[in-house]
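Step one of this worksheet: look at the structure below.
The values are calculated or read from the model by the stated rules, or taken from the named source; none is laboratory data. Treat the numbers as computed from the prediction; the structure is a model and nothing was measured. For neighbour counting, all protein chains shown are included, and Cβ atoms are generated from backbone atoms with ideal geometry for every residue, glycine included. The area values use the complete protein model at the heavy-atom level, side chains included, leaving out ligands, DNA and RNA. Shrake-Rupley method; radii C 1.70, N 1.55, O 1.52, S 1.80 Å.
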Amino acid sequence: MNIYLAPMEGLTGYVYRNAYNEVFGDADKYFTPFIANRKLSAREKKDVAPDNNVGMRTVPQILTNKAPEFLSITAKLQFLGYETVNLNLGCPSMTVVTKNRGAGFLSVPDELRRFLDEIFDKTPVKISIKTRLGMHSEDEWEAILELYNEYPLEELIVHPRLQEDFYNNGLRMNCFDRAWEHCPHKICYNGDICTPEDYERIVSRYEGIHAVMIGRGILANPGLVREIKGGSPMTKDEFFKMHDLVFEGYASSLPGPHPTLCKMKELWFYMGRNFEDEKKLCKKIRKCESFERYKAVLEEYRDAYTGPVI
């Protein structure tokens, strides 16, 4: 069984991945937040630079609906040494979907077919797909799955929600059942694995499943994979060691306190669950405008760590 760290835009970039890998290092693959720029922006170049991904099995994710753009990006990634890329057909953000990218590409199946024909014909690297079930109805999933079955995917990662579900509503496990029963590819499950019990429900239902992908669960509890594998829960020292590595990584790579604190505040939406007084702590962190105040708040709450409460 493989366990992957999910790509989460703005959250699981190379700074976070390296900190996680140093403290825990138990993910089998690390997927990057999506690349959407044909020329690769400065941020995207840093994120996939081999020197920033040492000791990790990293898979770059690409977000586009234009085959020439996909081919251009994969050529650059191949030059850097990457042998596998992941196509994002699951992002539910409206700024992405309205351009028929991410999950929005599922709404134009004829265009998607032409796109897949071209990239699988011309791309020398392996391609996996991360997908949702469709835009508005479970009825869309049958045709989408049949389309995927026509191509030599490295693996298919399925988040069993529609685009309009975002991250709400229940998981549509009947649709994942369909993929499990009728897809010839290696299948990876993604969605709402936040505890070892969540993981056990998936692997017991789908005996022999190739992999699971975890995002929000790891952001809240970086020790989750170790717990799943039968190890001990994350300790307070590990929590703060990882926090400090992430903070120092952002402080040294971003231009000043404001962007660094913005990144940390995003992460605290998840990390705050390790403290009983989560709301009060996160409110104080949101008000921080300097490194000095931020560090003072952390020192105030250091002994209040309780471990993840999901």
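Before moving on, here are some points about what is shown:
- Among (1) outside any loop (DSSP other than H, G, I, E, B); (2) within 14 Å of ARG273 (Cβ to Cβ); (3) in contact with an Asp or Glu (Cβ under 8 Å, 6 or more places away or on another chain) - the single one ILE218 does not satisfy: (3)
- In a residue-by-residue description of region 116-127, the property of being modelled with pLDDT of 95 or more, of a type outside the set (Ser, Thr, Tyr) and assigned to a loop (DSSP other than H, G, I, E, B) applies to at least one position.
- Test: residue in region 150-162 that is farther than 20 Å from LEU112 by Cα and crowded, with 21+ Cβ neighbours inside 10 Å: no
- Selection count, region 76-111, where residues are open to solvent by less than 30 Å² (accessible area, probe 1.4 Å) and part of a helix (DSSP H, G or I): 8
- Among the candidates PHE275, PHE240, residue that is touching a residue at least 40 places away in the same chain (Cβ under 8 Å), open to solvent by less than 50 Å² (accessible area, probe 1.4 Å) and over 21 Å from the mean Cα position of the chain (by Cα): PHE240
- Meets criteria (among the charged types (D, E, K, R), surrounded by 21 or more Cβ atoms within 10 Å (Cβ to Cβ) and either out of contact with any Asp or Glu (no Cβ under 6 Å at 6 or more places or on another chain) or modelled with pLDDT of 95 or more (or both)) for ASP26: no
- Of the numbered criteria (1) without any contact (Cβ under 8 Å) to a residue 60 or more places away in the chain; (2) over 26 Å from ASN53 (Cα atoms); (3) open to solvent by 60 Å² or more (accessible area, probe 1.4 Å), the one ARG302 fails is (1).
- Against the criterion of being open to solvent by 50 Å² or more (accessible area, probe 1.4 Å) and among the polar types (S, T, N, Q), ASN190 does not qualify.
- For region 168-190, the tally of residues that are in a loop (DSSP other than H, G, I, E, B) and touching a residue at least 12 places away in the same chain (Cβ under 8 Å) stands at 6.
Yes/no matrix, rows are residues, columns are (1) in contact with a Ser or Thr (Cβ under 8 Å, 6 or more places away or on another chain); (2) at negative phi; (3) among the hydrophobic types (A, V, I, L, M, F, W, C); (4) outside any loop (DSSP other than H, G, I, E, B):
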{"position": "LEU11", "(1), (2), (3), (4)": "no, yes, yes, no"}
{"position": "GLU22", "(1), (2), (3), (4)": "no, yes, no, yes"}
{"position": "GLU44", "(1), (2), (3), (4)": "no, yes, no, yes"}
{"position": "ASP47", "(1), (2), (3), (4)": "yes, yes, no, yes"}
{"position": "MET56", "(1), (2), (3), (4)": "no, yes, yes, no"}
{"position": "PRO68", "(1), (2), (3), (4)": "no, yes, no, yes"}
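- Pair list, Cβ < 6 Å and 6+ apart or interchain, from region 55-80 residues that are under 30 Å from ASP26 (Cα atoms) to residues that are of a type in the set (D, E, K, R) and buried (at least 18 other Cβ atoms within 10 Å of the Cβ): ARG57/LYS29; VAL59/LYS29; LEU63/ARG101
- Among the residues examined, PHE247 qualifies as on the phi < 0 side of the Ramachandran plot and buried (at least 18 other Cβ atoms within 10 Å of the Cβ).
- Some residue of region 195-203 being at pLDDT 95 or above, assigned to a loop (DSSP other than H, G, I, E, B), open to solvent by 10 Å² or more (accessible area, probe 1.4 Å) and closer than 30 Å to ARG132 by Cα: yes
- Among the residues of region 37-58, those identified as within 19 Å of ILE129 (Cα to Cα), modelled with pLDDT of 95 or more and open to solvent by 10 Å² or more (accessible area, probe 1.4 Å) are ARG57, THR58.
- Residue within region 63-73 that is surrounded by fewer than 21 Cβ atoms within 10 Å (Cβ to Cβ), modelled with pLDDT of 95 or more, in contact with a helix residue (DSSP H, G or I) (Cβ under 6 Å, 6 or more places away or on another chain) and of a type in the set (Gly, Ala, Ser) present: yes
- Qualifying residue in region 275-297 (condition: under 18 Å from LEU219 (Cα atoms) and touching a Ser or Thr at 6+ places or on another chain (Cβ under 7 Å)): yes
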